[in-house]
Structures are given as C-alpha cells and as structure tokens.
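A.B. asks: Quick one: the structure is below, questions incoming.
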Amino acid sequence: MPIDPRTLRIPRDLLPEDGRFGSGPSRVRDAQVDALASRAGRGLLGTSHRQAPVRALVGRLRSGVATLFALPSEYEVALGVGGSTLFWDLAAYSLVERRSAHAVHGDFSAKFAQAARAPHLSPPLLVEAPAGSRAELDGAARGADASSVDAWALVQNETSTGVAAPVRRPRLASGAPAAGLTIVDATSAAGCLTWDPLEADAYYFSPQKGIGADGGLWIAALSPAAIERAERLAGERFVPATLSLAAAVRESRKDQTLNTPAIATLLLAAEQIDWLNASGGMSWAAARCADSSGRLYAWAESRPWASPFVEDPTIRSKSVVTIDLDATIDAALLREVLRANGIVDLDPYRSLKRNGLRVGTFPSVEPDDVSALTACVDWVVERL
Ligand SMILES: *Cc1c(COP(=O)(O)O)cnc(C)c1O
C-alpha cells in the first residue's frame, strides 16, 4: 500500500531552524519578541501614546528609518495607523492632485490604481503588464497624456508576483525626470532592496513584510515636495482626518500618531530597524536578501521540475521569490506536507493560482534556513 504523503516526517537534520517563510506577515525574530517581553517592553505596553516613553519609541523608530535609508535632512518620516492599504486612500486624498499614473503588474499595484478612482480625481492612467513581467512608466511620461498626471505610482516589489522595480522617477526623452510626485509602494522591499531617496517623494510600507515586525501601521519617507503637496491639498479640499498626510506629518513631528497605534507593533518595528542599522544597514540587508534569494533561484534552475516564475532574471525580486513547479508535482500537497513539518506559508499569491511556491527572503530569514528549505523540498518531492 502506498504511504499517505501527509504522514511524511522530514529528518530533523534537514529542517531549517525556523520554518516561517511567509511573504507577509513574515518571520519576526526572537530578539524582537524578547524585547517586547523584557522589563522595558512590558513597561511601555498599556501606557499612553501621548506620554514621553511611547513618544521616545516613535522617535527612535522615525530616526532609525531615516538612518537606514540615509534620508536627506529635509526628508521626514511620518507614520499612522492602517497599513499600506490605508496609505493608498490617503495618497488619493493627500498626494494626488488631479490624476495619477500607475505601473500595474500584479495585485498590489492594481489595488492602489483602484483606490485612485476616487470621485474627486480624474480616472488614473494605467500602464499594465502581465503578471511576471514589469510595467514601466517612462512611455507614459513621454506620452500625450503626461501633462494630466501629477503623481506617478510604482511598486518596488510586487509581492504577488515577485517582480522588483528600481525606485526611479519616470524619465522624459531628454533624460530629465517627469514633473509630479513619485509615490513608491515598498511594503515588501523596505529594508531589503536599496533605493535612492532623491528618486521618490513618498516611499511607504507597512512593517509586517520586509521589516519583519507586525501589521497595522503605515510608515512613509517623505520629500519636501510631498509634504508641501499634502499641506496645500488639505487647505483646498475636504480630506478625512485619517487620510490627511498633513495631519499625520504634524503628529509625527511630535513623535505621535493621529489615533492610537499598536505599541507592540511600534516596538517590534523599532527593534528590527535598530538591528538592521547595527548589522550594517541597507547594504548589508540587501546583500543578505540577494544571498538568500540567489540560493533559491539557483536551486530552482538546477531542478528539472522547478523554475523561477519570473523569467527575466533582471527583474526577479531578491526579497520575494516565486517558483513554479512541474504539473507532475502537486504543489498544494507539497506545501501541506511541509506545513505538517513546521515549514509554513509558502503559498503563491491567491489570485495568481500557480502550482508553485512563494518564499519571503527578508533579512530576518537566515540564508542557511533557505538552503535547508530547498533540501526539505527535494526530500519531500522525491517521496510524493
Ligand atoms: C501587503 C502589501 C500591501 C498591503 O499591506 P497592508 O499592511 O495589508 O495594508 C500593499 N502593497 C504591497 C506591495 C504589499 O505587499
């Protein structure tokens, strides 16, 4: 009688130390949780976010982010409650003046474009590319409609497909940057992929993916032009309080948030940002993500039954790796067996419906755990 694959037990010496490989929420390191449970952490939980101790924590997070990204001194870090999803609505009210243009090549970039259909705006200009490839905005910036656009939306890492894009203002034929704000969704790229702050006006993320903390907040690095736009629009149109970037900047300057944040999330995020800075900053983090993702891509290319979903190696993400498996392998069953062995959250993005794996290779993930993961997949596939 064939054995039921669900009963397969991977030998202990093959297993990764930590089996969390999700693309978001992603692995939270023990040291962060320990900091939360320490005397200092416990003393912050359940206390007022308007008082000095929690404000100092917010200040530590803001300055840690500015250090990590080497922000120019005139840039500011703001934050608020609601995650990147809320930031899309906030951008539609506080950053887009009349019309935005979006590079759309997956679910997250499509969701921001959807949020930009707000009734006070002109319908957004969409530049679309199929999942697994990348849409570029340069053509739109040179096109006849460019003068109607005052905000350009990019996603540095399309988490649904594992396609990465450089943070770069769209360029005119002359090579000069297009007029308008450049707004970058960095939710699964922040802390993983390098970027040049001068190429973005609003670089935003929630901290449960690339940063490896917990969800519920949005954090944004803002240029003077973005802040100026937000303040002007707040005077010119009705902006709901939670969607007011001007209000968020005002609160952030006092190391506060408009409404009550999750203090635990702030602490987990601040710990991680400090760890990244102490470990060598963005160049160290980016090299670590390149190492981890490189191990996976090389492994997938060396197996006859696996291949990277993103065909063009130059646009493959170093922080979210998507791998297709041959139709002879039941990837759902493979993931079920892995989960039963403590290796979790390898599911491809739900709407993509691929027979494969998606792996978060964020800085919190040990590169050797990625190698162990590939050994475990080999072991299970041999027995399916
Ligand atoms: C997860 C994700 C979001 C949404 O983040 P929330 O914190 O759930 O609002 C937005 N953009 C990208 C690229 C993401 O990966």
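A.B. asks: Among the residues of the stretch 165-186, what is the count of those that are under 29 Å from residue 356 (Cα atoms) and buried (at least 24 other Cβ atoms within 10 Å of the Cβ)?
C.D. replies: Residues flagged as under 29 Å from residue 356 (Cα atoms) and buried (at least 24 other Cβ atoms within 10 Å of the Cβ) within the stretch 165-186 amount to 3.
A.B. asks: Can you tell me how many residues in the stretch 188-200 are closer than 21 Å to residue 113 by Cα and open to solvent by 10 Å² or more (accessible area, probe 1.4 Å)?
C.D. replies: The number of residues fulfilling the criteria is 1.
A.B. asks: Could you grab me the full set of residues in the stretch 201-218 that are surrounded by 24 or more Cβ atoms within 10 Å (Cβ to Cβ) and in a loop (DSSP other than H, G, I, E, B)?
C.D. replies: Scanning the stretch 201-218 gives 201, 206, 207, 208, 209, 210, 211, 212, 213.
A.B. asks: Going by the conditions given, is residue 34 within 15 Å of the ligand (Cβ to nearest atom), open to solvent by 50 Å² or more (accessible area, probe 1.4 Å) and of a type outside the set (S, T, N, Q)?
C.D. replies: Judged against the criteria, residue 34 is not a match.
A.B. asks: Identify the single condition in (1) crowded, with 18+ Cβ neighbours inside 10 Å; (2) more than 21 Å from the chain's Cα centre (by Cα) that residue 122 does not satisfy, given that it satisfies every other one.
C.D. replies: (1)
A.B. asks: For residue 36, are the conditions met, namely being under 15 Å from residue 269 (Cα atoms), touching a helix residue (DSSP H, G or I) at 6+ places or on another chain (Cβ under 8 Å), of a type in the set (A, V, I, L, M) and not in a loop (DSSP other than H, G, I, E, B)?
C.D. replies: Taking the combined requirement at face value, the residue satisfies it.
A.B. asks: Output the residues belonging to the stretch 152-183 that are away from the ligand (no atom under 12 Å from the Cβ), in a strand (DSSP E or B) and farther than 20 Å from residue 66 by Cα.
C.D. replies: Listed by number, the residues that qualify are 152, 171, 177.
A.B. asks: Now for a separate question. Would you confirm whether or not the stretch 234-244 contains a residue that is without any contact (Cβ under 8 Å) to a residue 24 or more places away in the chain and of a type in the set (A, V, I, L, M, F, W, C)?
C.D. replies: The answer is yes, given that some residue of the stretch 234-244 is without any contact (Cβ under 8 Å) to a residue 24 or more places away in the chain and of a type in the set (A, V, I, L, M, F, W, C).
A.B. asks: May I ask you to list pairs of residues, at least six apart or on different chains, whose Cβ atoms are under 9 Å apart, with the first in the stretch 93-112 being without any contact (Cβ under 8 Å) to a residue 12 or more places away in the chain and the second being not in a loop (DSSP other than H, G, I, E, B)?
C.D. replies: From the stretch 93-112, the pairs are 110/102; 110/104; 110/126; 110/128.
A.B. asks: Can you confirm whether the stretch 74-91 contains a residue that is touching a Leu at 6+ places or on another chain (Cβ under 9 Å), in contact (Cβ under 8 Å) with a residue 12 or more places away in the chain, within 23 Å of residue 173 (Cβ to Cβ) and in the same structural domain as residue 185 (by TED's automatic domain parsing)?
C.D. replies: The answer is no; no qualifying residue exists.
A.B. asks: Can you spot a residue in the stretch 65-76 that is surrounded by 22 or more Cβ atoms within 10 Å (Cβ to Cβ), within 20 Å of the chain's Cα centre (by Cα) and within 30 Å of residue 366 (Cβ to Cβ)?
C.D. replies: Yes - at least one qualifying residue is present in the stretch 65-76.
A.B. asks: Determine whether residue 248 is of a type in the set (A, V, I, L, M, F, W, C) and open to solvent by 40 Å² or more (accessible area, probe 1.4 Å).
C.D. replies: Values: of a type in the set (A, V, I, L, M, F, W, C): yes; open to solvent by 40 Å² or more (accessible area, probe 1.4 Å): no.
No: the conditions fail for residue 248.
A.B. asks: Kindly evaluate residue 127 against the criterion of being of a type in the set (Val, Ile, Thr) and open to solvent by less than 10 Å² (accessible area, probe 1.4 Å). Steps first, answer last, please.
C.D. replies: Numbers: of a type in the set (Val, Ile, Thr): yes; open to solvent by less than 10 Å² (accessible area, probe 1.4 Å): no.
Here the answer is no, as residue 127 does not meet what is asked.
A.B. asks: Just a yes or no: is a residue in the stretch 9-31 hydrophobic (A, V, I, L, M, F, W, C), more than 18 Å from the chain's Cα centre (by Cα) and in a strand (DSSP E or B)?
C.D. replies: Taking the stretch 9-31 as the starting set, the residues that turn out to be hydrophobic (A, V, I, L, M, F, W, C) are 10, 14-15, 21, 28, 31.
If we keep only those that are more than 18 Å from the chain's Cα centre (by Cα) too, we end up with 10, 14-15, 31.
So of that shortlist, the ones also in a strand (DSSP E or B) come out as none.
Checked the stretch 9-31: no residue is hydrophobic (A, V, I, L, M, F, W, C), more than 18 Å from the chain's Cα centre (by Cα) and in a strand (DSSP E or B).
A.B. asks: Yes or no: the stretch 294-316 includes at least one residue that is in contact (Cβ under 8 Å) with a residue 12 or more places away in the chain, among the β-branched types (Val, Ile, Thr) and assigned by TED's automatic domain parsing to the domain that holds residue 88.
C.D. replies: Looking through the stretch 294-316, none of the residues is in contact (Cβ under 8 Å) with a residue 12 or more places away in the chain, among the β-branched types (Val, Ile, Thr) and assigned by TED's automatic domain parsing to the domain that holds residue 88.
A.B. asks: When only residues in the stretch 184-232 that are in contact with a Phe, Trp or Tyr (Cβ under 7 Å, 6 or more places away or on another chain) and farther than 27 Å from residue 365 by Cα count, which is farthest from the ligand (Cβ to nearest atom)?
C.D. replies: 223
A.B. asks: Quick one: which of 381, 365 is assigned to a helix (DSSP H, G or I) and either open to solvent by less than 20 Å² (accessible area, probe 1.4 Å) or modelled with pLDDT of 95 or more (or both)?
C.D. replies: Answer to the check: 381.
The values are calculated or read from the model by the stated rules, or taken from the named source; none is laboratory data. Worth saying up front: this structure is predicted, and the values here are computed from it rather than measured. We place every Cβ from the backbone using ideal geometry, glycine too, and count neighbours over all the protein chains shown. Remember, those area values only see protein heavy atoms, side chains included, never the ligands or the DNA or RNA. Shrake-Rupley method; radii C 1.70, N 1.55, O 1.52, S 1.80 Å.
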